[in-house]
Amino acid sequence: MSARVVLLCEDQQLATFMRRFLKRRGWQAHDIREKIAPPGQGSGEQWVRERFPQELAAVRARGNNTVLTVGTDADTRSVAARIATLNQECQRQGVSPRTASEPVIMVVPKRNIETWFAYLRGESPNEDDAYPRYPNESDCRNDVRTLDEMCRSGKLRDPAPPSLQAACSEYQKMPARNG
Amino acid sequence: MLKRIYIDNFRCLVNFELRFDAINLLLGPNGSGKTSVFDVLRRLQEFIIGDARVHDVFPTADLTRWQLGKQQRFELEIAVGDDSYAYSLVIDHDADRRRMRVFEEKLDLNDRPLFACKEGMAQLYRDNHSEGPQYPFDWTLSAVGSLHERPDNQKLTRFKRELAKLIVVRPIPALMERGSHGEQERLTHRMENFVSWYRHLAQEHMGAMVTLLGELKSALPGFDSLSLKEAGEDARALKALFAPPGGGKPIAFDFSELSDGQKMLVALYSLIFGMGDEGITLFIDEPDNFLALREIQPWLSNLADAIGESVEQVVLISHHPEIINYLGGAHGRWLERDAQGPVRVGNVPGSVQGLSLAETVARGWEK
């Protein structure tokens, strides 16, 4: 079985959240190939940005319903600005930026994934403040379950963080596992 | 969950302390003491809950060669919910007379005594920590291990049950026996008795088998199921069923006919999923051996996702780049020693800019 989803992620917590969500949606561990920025080597955002063009090129070359899913925090920038930096890096490396129809999904939590965790726990976070981290990455399992249930009901709880709404729109491009 | 181990005067481990999180990867050069840490845990288990005598599990040959002291000390801290157990064992070695004995064995809960045995005199404490009976005890056995469950020692026996949840293995597929003459609740060190252990799982954790077989279908192309077939009185042989090319009735292969990699996958997925929601702690030495490159990360991510569910804690030893890159940065502990000196432990050094952690280690540039 070959990997059909490449998960390019800036840290373990975001990767764990995304992987667990995909598994809730029917994907299996063997479907997913994770590429996670190594801790202690500077900015995870930069690591993702610099590798995005080569992963995009690889996914295009592979075709065959392969999906590139990118996880990177917006931090203090806007979601659109963060996605723009990825496309600019493509141009810098001579790779065509992603097009709207390509199976490339940008998951860009603002301020970071802990903001979404706070929302999924039932709080009403803003996207500017920093929220506490979990001691263990796997502690996000209940948040993943909550998000999955919201997806199944077709609606996020209001008011949802705009960055989560944007990610849900991106996720519409995810093909069915057996598609 | 094992929070801490302390070892003094055992091989290269001198005044050695290691603290654990939910996920841990022990890294370091060959001979840096990683496997010795696992050995101590396994031996403490054999001593406390396996009824082994002290000379069978802690021979004098394992004293640190350059140390003059003849006393060995081992300590464990195990957290159970909000409670914290502290176990300590001190062994006296008399090299001239080739005799060793338990000098002291203690068990505390949240800094209050549950049991103490010193120089052959045992002091039992009740669950409310009031003093219970005092009695002489065999110097070669674990006094904690000898105590059976009673209404007033539930806290002590809970410690033993938690200790039994530690599974310390170094799987070697070639040594796994093809059949079983009975269920076995505990795995042997190299998983030689895997089939007997699997037989126990199939009996005691039937619900978990559905999940396990589902995961094995992802890992083993064409895999259908596992089946225990009668092979004589009380004996069972483990069969792996695979779909034939073009479909049709699955073909049964004896477990011994599987490749080492296939056996390893069956064993490794059984460790994650076979015990249901027991909340075990897995200590696995080099799980990557024999696995195809394609199989390592899916197994690791399944393991990581099982934390807090079927698995409470995991400690791995590995030199494989896939594992180092996946877990090393966030969960690694670096063990090293100078020449034949004692082992030191620290956080994993950062990777060199532009290199993966595994590549940094491969170049010896972590220093």
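Table for the structure above
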{"item": "Of B:139, B:334, B:66, the one that fluctuates the most in a GNM where chain B has Cα springs shorter than 10 Å", "result": "B:66"}
{"item": "Exercise: per-residue mean of other protein chain Cβ atoms within 10 Å, B:350-361", "result": "2"}
{"item": "Alpha-carbon centroid distance for the pair segment B:142-182 / segment A:1-59, whole angstrom", "result": "38 Å"}
{"item": "DSSP bridge orientation in chain B - percent antiparallel, rounded to nearest 5", "result": "80 percent"}
{"item": "Extension gain, residue B:352 back to residue B:35 (0.36 nm per residue minus Cα-Cα distance, nm)", "result": "111.4 nm"}
{"item": "Computed [θ] at 222 nm, deg cm²/dmol, chain A (DSSP H ≥ 4; -39,500 (n - 2.57); rounded to nearest 500)", "result": "-13500 deg cm²/dmol"}
{"item": "Cα centre as origin, Lys/Arg/Asp/Glu Cβ charges: segment A:71-179 dipole, Debye", "result": "340 debye"}
{"item": "Electrostatic dipole magnitude of segment B:62-157 [Cβ: Lys, Arg +1; Asp, Glu -1; Cα centre; debye, to 20]", "result": "440 debye"}
{"item": "Most mobile listed residue (B:247, B:279, B:329) in chain B, GNM with C-alpha springs under 10 Å", "result": "B:247"}
{"item": "Farthest toward positive dipole pole in segment B:50-106 [+1 Lys/Arg, -1 Asp/Glu at C-beta], among B:55, B:74, B:95", "result": "B:95"}
{"item": "Within segment B:231-260, backbone nitrogen closer than 16 Å to the virtual label 7 Å beyond the Cα of residue B:175 toward Cβ", "result": "B:260"}
{"item": "Candidates per trypsin sites (Lys or Arg not before Pro) in segment B:296-363, loop by DSSP, up to 14 other Cβ within 10 Å", "result": "B:363"}
{"item": "Relative contact order %, chain B, counting alpha carbon pairs below 8 Å whose residues are six or more apart", "result": "17 percent"}
{"item": "Pair residue B:254, residue A:51: separation of 7 Å Cα→Cβ label points (nm)", "result": "4.5 nm"}
{"item": "Within the protein assembly as shown: Cβ-based charge dipole about Cα centre, in debye rounded to nearest 20 (Lys, Arg +1; Asp, Glu -1)", "result": "1140 debye"}
{"item": "Relative packing of peptides B:115-122, B:1-8 - highest average C-beta neighbours within 10 Å first", "result": "B:1-8, B:115-122"}
{"item": "Relative contact order computed over segment B:215-367 (Cα-Cα under 8 Å; 6+ residues apart), in percent", "result": "14 percent"}
{"item": "Inter-label distance, nm, simple model (7 Å from Cα along the C-beta direction), residue A:139/residue B:235", "result": "5.2 nm"}
{"item": "Pairs of lysines in chain B (C-alpha under 15 Å apart; 8 or more residues apart or interchain)", "result": "9"}
{"item": "Net charge of Cβ neighbours under 10 Å - reference residue B:295; Lys, Arg +1; Asp, Glu -1", "result": "-1"}
{"item": "Average beta-carbon neighbours from other chains, 10 Å sphere, peptide A:131-138", "result": "3"}
{"item": "Other protein chain Cβ atoms within 10 Å, averaged over every residue that makes up A:27-40", "result": "6"}
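We did not get these values from a lab; they are worked out from the coordinates using the rules stated. Values in this document were obtained by computation on a predicted structure and should not be read as measured data. Cβ atoms come from the backbone with ideal geometry, glycine included; neighbour counts cover every protein chain shown.
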